[in-house]
Ligand code: FAD
C-alpha cells in the first residue's frame, strides 16, 4: 500500500475537499432561461452539458423528490450498445463512449466497470437474430460477436448449459457491456452543473405547465410559479402525466419494472448474463451481491410495489441458469416505473408545444443513455430547437409516419 494512502487512511483530519458536496440551494427565482423538470440522471446531465459546453447557466432543475431518487436510483446499471437498428446502435455506442470518459471528466469516480455482456440464445430464431445484431454492431463500431457453447462455457464456467427445455445454443458476446454506480453518475453531473451556476431545487414539484400561443411561458410548482424561456421534461416514468399538463398526449404506457438483490458471495461472475427466452438477467456487483432483473410487469400501473409473482418466476429462471443459487438469500426487491413505447425506443426532441422539449420514453433502457441524452438535449436547447442528427430518428412524429425504430428484440430482459 502506498505510504501516502496509509497516512491518509490513518489521519483523523481528512483534508477538506473543495466542492465535495452540492452547494446549498439558492432561493428559487421567479424566472430562468431554462427549466428542466426532473433531477434524475437525464435532467442533471442536460444541465451539466448546457452549463459546461454551451455556457447556459441560468437554469433550474426542479425535482419533486430528491436528486437521482427516481428510476436512476432503482435501475440495475447495465450499460451496453448491442442494439438491433443502426439508429439505436449509433446512439448507444456514443453513450458508451461518453461513459468511458466520465470519471475523468468529473474527476469523480463513477465506478465504471467494463465486464462484457453475454446474451444467451436458446432457439434457432434467437441465433439468427443475434447474428444480425452482431453484424450491425460491428458495422457501427461496436464490439459484438456470436460465440458458441464452448466459448460460453469458458467465459462463465458456472452456467448451466442445459436449463430444462431450453439448451444454450449460442451467445451474443458484447465486449463493451459494463456497469457504473448509478448514484455516482447522478451526483457527478449534479455537482458539475451546480458548480457552474445551475440551481438544483429538490422537493419542488411541477404541478402545471402554462402554455400561451403554443409556447411554454411558465411552470407552476408547489413553491410558486416560475417563468421560463423554455422547458425540458426529463421525468422518466411520469412523461405522459406531465405532457398532459402541457396539453398533448404521448404514445406511452407506464409499467412497473422490478429487480432484486441477494446477499454478497465470493466473486464468480464477471460478465453480465442475460437470457431473453427465460426473461432474466443476472450480474454480480463489486460487493459480491447478485442483482437480478427481468421484464416489466404485465399490466400498466403507477405503482412501485414488489410482487411475489415476479419473485417466483424470475428466481425460478435464474436458478435454472445457475442452480447453486438456490441456496442463496434474497436481501431486497424493489420496482421503478418504466414508460414504454411500442417500438422500445425513446422519444426525444421537439413536442407539439414550440419551446417544450422531450426526453422521454425511457422504458427499461434509460440509464445507459444518460450521457448522450444530456449531451444531445443540451445541443437541442442551446440551438433553439435544431434537433441533433443522432436523435432525429427518435422524434415523437415517427409514430404518425410509421417510421418506428424497433428495438423490442434487443431490449428483452437485457436492459
Ligand atoms: P428518473 O431517474 O426517473 O428521474 C426523473 C425524475 O423526475 C424523478 O426523480 C422524479 O421524482 C422527477 N419528477 C417526476 N415528475 C415530476 C414533476 N412533476 N415535477 C418535478 N419532478 C418530477 N436502464 C438501463 O439502461 N440499464 C438497466 O440496467 C436498467 N435497469 C432498470 C431496472 C429497473 C428495476 C428499472 C425501474 C429501470 C431500469 N432501467 C435501466 C431504466 C432506467 O432506470 C431509466 O430509464 C432511467 O433511470 C431514466 O432516467 P431519468 O433521469 O430520465 O429518470
Exclusive hit being touching a strand residue (DSSP E or B) at 6+ places or on another chain (Cβ under 7 Å), within 26 Å of residue 302 (Cα to Cα), surrounded by fewer than 21 Cβ atoms within 10 Å (Cβ to Cβ) and touching a residue at least 12 places away in the same chain (Cβ under 8 Å), set 253, 233: 253
Mind checking which residues of segment 109-139 are over 19 Å from residue 408 (Cα atoms) and either buried (at least 20 other Cβ atoms within 10 Å of the Cβ) or in contact with a helix residue (DSSP H, G or I) (Cβ under 8 Å, 6 or more places away or on another chain) (or both)? 109, 110, 111, 112, 114, 116, 139
Does residue 106 count as away from the ligand (no atom under 11 Å from the Cβ) and surrounded by fewer than 21 Cβ atoms within 10 Å (Cβ to Cβ)? yes
Residues in segment 52-85 that are surrounded by 22 or more Cβ atoms within 10 Å (Cβ to Cβ) and more than 7 Å from the ligand (Cβ to nearest atom): how many? 8
With the condition kept exactly as written, say whether any residue in segment 201-210 is more than 10 Å from the ligand (Cβ to nearest atom) and in contact (Cβ under 8 Å) with a residue 60 or more places away in the chain. no
Have a look at 219, 235 and point out the one that is within 11 Å of the ligand (Cβ to nearest atom), at negative phi and in contact with a helix residue (DSSP H, G or I) (Cβ under 6 Å, 6 or more places away or on another chain). 235
Of all residues in segment 53-108, which are over 24 Å from residue 337 (Cβ atoms), touching a helix residue (DSSP H, G or I) at 6+ places or on another chain (Cβ under 7 Å) and part of a helix (DSSP H, G or I)? 53, 54, 86, 87, 89, 90, 94, 98, 102, 106
Here are some residues: 159, 166. Which one is part of a loop (DSSP other than H, G, I, E, B) and modelled with pLDDT under 95? 166
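The values are calculated or read from the model by the stated rules, or taken from the named source; none is laboratory data. It should be emphasised that the depicted structure is a prediction, and the values quoted were computed from it without experimental measurement. Positions of Cβ are generated from backbone atoms using ideal geometry, with glycine treated the same way; all protein chains shown enter the neighbour counts.
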